[in-house]
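Novice: First the structure, then my questions, so here it is.
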Amino acid sequence: KEATSPRAIGMGTLLPLLLLLLCAQCAAMDFKGQLHCERTFQLVVLLSGAIGFVLGYLQQEFRSTFLCLALGGGLSAVVCLPDWPWWNLHPPNWLPSEEDDTEAEAEAEAEAVADSKPDKEKKKKKKAAKGD
């Protein structure tokens, strides 16, 4: 029998759901955001590794070193893996694609052809009237 109470759900299920809700409005990371994110990740992991090494050395216990490094990795994952809005402060201004340009040119040509058709029809009618 599985309990369906809120306590039965557990933190393993709630944490990803919470992160998903928090990041629902996030935009894609820009290029400068990628650089800052990578540097932040490296800084957090290096600092936690250095702190863990010193702490483990002083306590003469590898477990302390490993726990500090694991906490630093977890913290950097929460900060750096989702596309948080602060990683998209400099969005790039993209040039219009060639497809957009060709579509605009095709529409302009179609309008020019549509504008010239009545002139051609008038000329044909005049020629037909002169021929009669």
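Every number here is computed from the coordinates shown, using simple stated rules; none is lab data. Keep in mind the model is a prediction, meaning the values are calculated, not measured. No Cβ is skipped: glycine too gets one built from the backbone with ideal geometry, and neighbour counts run over all protein chains shown.
Novice: Using label points projected 7 Å from each Cα along Cα→Cβ, tell me how many nm separate R63 and L14, to one decimal.
Specialist: Those two pseudo-labels are separated by 2.7 nm.
Novice: At what distance in nm do the modelled label points of S97 and Q34 sit from each other, each positioned 7 Å from its Cα along Cα→Cβ?
Specialist: Label-label distance for S97 and Q34, simple model: 1.9 nm.
Novice: Further question: Calculate, for F53 and W86, the FRET efficiency according to 1/(1 + (r/R0)^6) with r their C-beta to C-beta distance and R0 30 Å; round to the nearest 0.05.
Specialist: 0.50
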